[in-house]
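Take a look at the structure below.
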Amino acid sequence: MATRVEARPIWRGFTPREVGILGVLLGCFAFFLALPPISARAAWWPTLVGLVAIAAGIWALTSGVKRIGWFAIAAGILGTVLGILATNTAASKLDYAVTWTPLLTAMFTFATPLTFAALGGLFSERSGVVNIGLEGMMLTGAFFAVLGADKLGNWSLGLLCAVVAGGVAALIHAFVSIHLRADQIVSGTAINFLALGVTGYFFIQVYGENGTPGSISQVPSVNIPGIDRIGFIGPVFGHLNLMIWLMFLAVILTYIVVFRTPIGLRLRSVGEHPRAADTVGISVYRTRYAAVVLSGMLSALGGAYLSIGFLGSFNENMTAGRGFIGLAALIFGNWRPFGAFAAALLFGFSTALSFRLADPSVWPHQAVLFQALPYVLTLIAVAGVIGRSIPPAASGRPYRKQ
């Protein structure tokens, strides 16, 4: 009887999959060798480690583990190239760009709106409704959070306004997609354009050319006393915004609700086999409506963080494609909360690094190019998982009750 190739031990008991994962880690390490605090200045160090990563990827690939093998090869090549570039860069520039405490703090800052959007998309798509309108719901939440915090004088009421506005936008998408059984991609795209027009119109009508005032109530940071003394991790977690902590809580609660409760089981059954769920008495329409509206509320929280948690103001189209990156994080994370969160952290780190690298005073010629780093990484990530990540079986399919 034939056995699976992956079960064959190599390298003293390591399976091809484990060797491939080791190759991915070595590819990343090839780049980090040239960064502070290690700061290897000889190009052969990242080259050597990168070649070992490529060899591990080739071994995994020829042993039948194609996906991890290709990832290891790509990580080895990319790590080698970036490591060589870093060794040829002045040490003073690297010390400026790669300062881990501000980088990690900024990573959580930029990952927060992406995570809220990804979690919102998770609820919607797990119920069987594709939500391309995450971008528009984020933008709606960003504007109405500022409007509520400004007119009502309290950031918590601003968050409430954002959640309600995002829920209303999602309700429109739910009605068109579920009740009218329209194309869900078209409906979500319409929500994005609708949000762009509505928020732009009311922004001009309410605030005019002067923009939002500078005295808007903002979500406070949580200061943990004494944590600053715990290495370089302490300063990262010691002064994070309250909504970043809410993001951590939302990831954990989403996992518990979706995968550890009867409600989550009903949600997933509606997204996988709506006819079977309807047969056993689960209301497909009601479940999908609730999931899509919750999706809009979570996405709106991501937008609210941008406006009253991070910037303290609103600008037209300020989400700048973050809803789509959140959707990419959801796909990259295989429609699971912790996977989506990890992908959001990856995109958040790349955004933080791009801001550090895009300083014209340090890299005058490459500054604009570095600003494209998060979007290039998004394209690579989505292209790498196309055909490999498996969405819920009924995702995007309107349901007609018989």
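Results, tabulated for the structure shown:
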read-out	value
Check on Gly64, modelled with pLDDT of 80 or more and surrounded by 18 or more Cβ atoms within 10 Å (Cβ to Cβ)	no
Selection from region 296-320 of residues that are under 14 Å from the mean Cα position of the chain (by Cα) and of a type in the set (S, T, N, Q)	Ser299, Thr319
Where Gln184 falls short, out of the listed (1) surrounded by fewer than 17 Cβ atoms within 10 Å (Cβ to Cβ); (2) more than 21 Å from Pro113 (Cα to Cα)	(1)
Breaking point among (1) under 19 Å from the mean Cα position of the chain (by Cα); (2) touching a residue at least 60 places away in the same chain (Cβ under 8 Å), for Leu267	(1)
Phe349 open to solvent by 20 Å² or more (accessible area, probe 1.4 Å), at pLDDT below 90 and either under 17 Å from Asn241 (Cβ atoms) or of a type outside the set (D, E, K, R) (or both)	yes
Evaluation of Thr101 against (1) modelled with pLDDT of 95 or more; (2) touching a helix residue (DSSP H, G or I) at 6+ places or on another chain (Cβ under 6 Å); (3) surrounded by fewer than 24 Cβ atoms within 10 Å (Cβ to Cβ) (one fails), failing number	(1)
Restricting region 8-59 to residues that are open to solvent by 80 Å² or more (accessible area, probe 1.4 Å), within 24 Å of Leu103 (Cβ to Cβ) and not in a helix (DSSP H, G or I), the residue that is modelled with the highest pLDDT	Arg41
Residue check for His239: open to solvent by less than 50 Å² (accessible area, probe 1.4 Å) and of a type outside the set (A, V, I, L, M, F, W, C)	no
Subset tally (residues that are open to solvent by less than 10 Å² (accessible area, probe 1.4 Å) and over 14 Å from Glu125 (Cβ atoms)) for region 271-300	3
Lone unmet requirement of (1) polar (S, T, N, Q); (2) more than 22 Å from the chain's Cα centre (by Cα); (3) under 21 Å from Phe310 (Cβ atoms) for Asn241	(2)
Qualifying residue in region 216-233 (condition: in contact (Cβ under 8 Å) with a residue 60 or more places away in the chain, among the aromatic types (Phe, Trp, Tyr) and not in a loop (DSSP other than H, G, I, E, B))	no
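Residue-by-condition table, conditions (1) under 20 Å from Ile390 (Cβ atoms); (2) outside any helix (DSSP H, G or I); (3) of a type in the set (A, V, I, L, M, F, W, C); (4) modelled with pLDDT under 95:
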{"site": "Met107", "(1), (2), (3), (4)": "no, no, yes, yes"}
{"site": "Phe110", "(1), (2), (3), (4)": "no, no, yes, yes"}
{"site": "Leu122", "(1), (2), (3), (4)": "yes, no, yes, no"}
{"site": "Thr140", "(1), (2), (3), (4)": "no, no, no, no"}
{"site": "Phe143", "(1), (2), (3), (4)": "no, no, yes, no"}
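Conditions (1) within 29 Å of the chain's Cα centre (by Cα); (2) at pLDDT below 90; (3) aromatic (Phe, Trp, Tyr), marked per residue:
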site	(1), (2), (3)
Asp183	yes, no, no
Ser187	yes, no, no
Ile191	yes, no, no
Leu194	yes, no, no
Thr199	yes, no, no
Ile204	no, no, no
Glu209	no, yes, no
Pro213	no, yes, no
Ser217	yes, no, no
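The values are calculated or read from the model by the stated rules, or taken from the named source; none is laboratory data. The shown structure was predicted, so the numbers you read here are calculated from the model rather than taken from an experiment. Neighbour counts are summed over all protein chains in view; Cβ atoms, including those assigned to glycine, are modelled from backbone coordinates with ideal geometry. We work out accessible area using only protein heavy atoms, side chains counted, and drop any ligands, DNA or RNA first. Shrake-Rupley method; radii C 1.70, N 1.55, O 1.52, S 1.80 Å.
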